[in-house]
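Working notes, structure below.
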Amino acid sequence: DCLWFSQMAPRFYRPIIGTIMRPQPNLVAATAFYLIYVCAIMFFAVAPGLAEASVSKAMLNGAIFGFVAYATFDLSNHAIMRAWSTKLTIVDMAWGTLATSLTAGGLATQSVNILFKYASLPRGSARPSRVSSRRFRHEPS
C-alpha cells in the first residue's frame, strides 16, 4: 500500500481529489488503520484459510474482505463527495481487493511456515502453547 500510494497519489489521486488531500499523510491515523486492518485480515481471511489448510482459501477470503472494505470506503466517498470519481472508485476497489488477497496469502504462508517449524520440534521441546495444536503433531486424536 505504501508503494502504491507513493507512486499513485501524485499521478492518480491528487488530480482527482487534490483539494481535499493532505500534503503528507497523517502517520498516526495510517498506523492505526493498518494495525486494525491486518488484525481483521488475520481474523476474516487467514484463520479460516489455516483451518482448512488452504492458502488459496485465505487469499479468496482476503479478496472478498478487501473488496467489501474498500467498497465501503470508496462507494461512501463516491456518494457524498463531488470530487470523487467513478474511475477512482473502481481503481481503488480493485487495488484493495488485490492487495488484501495477496496480504492474506502472504500471512497464511508465513503462519503455516511458523506452525510447521514448531510442529517439527522433537517431542518435549519447548514450543508456544498456541502452536502446539494436535492437528500439526501427527498423533492420533
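The values are calculated or read from the model by the stated rules, or taken from the named source; none is laboratory data. Worth saying up front: this structure is predicted, and the values here are computed from it rather than measured. Here the Cβ is made from the backbone with ideal geometry for all residues, glycine too, and neighbour counts use every protein chain on show. Heads up: the accessible areas ignore ligands, DNA and RNA and are worked out on the full protein's heavy atoms, side chains in. Shrake-Rupley method; radii C 1.70, N 1.55, O 1.52, S 1.80 Å.
Sort out which residues of region 61-104 are open to solvent by less than 30 Å² (accessible area, probe 1.4 Å) and among the β-branched types (Val, Ile, Thr), and write them in order of number.
Across region 61-104, the qualifying residues are Thr89, Thr100.
Is there a residue being assigned to a loop (DSSP other than H, G, I, E, B), in contact (Cβ under 8 Å) with a residue 40 or more places away in the chain and crowded, with 16+ Cβ neighbours inside 10 Å anywhere in region 50-60?
There is no residue in region 50-60 that is assigned to a loop (DSSP other than H, G, I, E, B), in contact (Cβ under 8 Å) with a residue 40 or more places away in the chain and crowded, with 16+ Cβ neighbours inside 10 Å.
Here is a list of conditions, (1) modelled with pLDDT under 90; (2) open to solvent by 70 Å² or more (accessible area, probe 1.4 Å); (3) under 27 Å from Met59 (Cα atoms), and Pro10 meets all of them except one; can you say which number that is?
Here Pro10 meets the rest and fails (3).
Name the one entry in Thr109, Thr97, Thr103, Thr89 that is at pLDDT below 95 and either of a type outside the set (Asp, Glu) or on the phi > 0 side of the Ramachandran plot (or both).
Numbers: Thr97 fails: at pLDDT below 95; Thr103 fails: at pLDDT below 95; Thr89 fails: at pLDDT below 95.
From the options Thr109, Thr97, Thr103, Thr89, the qualifying one is Thr109.
Going by the conditions given, is Ala71 modelled with pLDDT under 95 and over 19 Å from Cys2 (Cα atoms)?
On the way: modelled with pLDDT under 95: no; over 19 Å from Cys2 (Cα atoms): yes.
No.
Hey, can you tell me all the residues within region 2-30 that are in contact (Cβ under 8 Å) with a residue 12 or more places away in the chain and outside any helix (DSSP H, G or I)?
Of everything in region 2-30, those that are in contact (Cβ under 8 Å) with a residue 12 or more places away in the chain and outside any helix (DSSP H, G or I) turn out to be Met21, Pro25.
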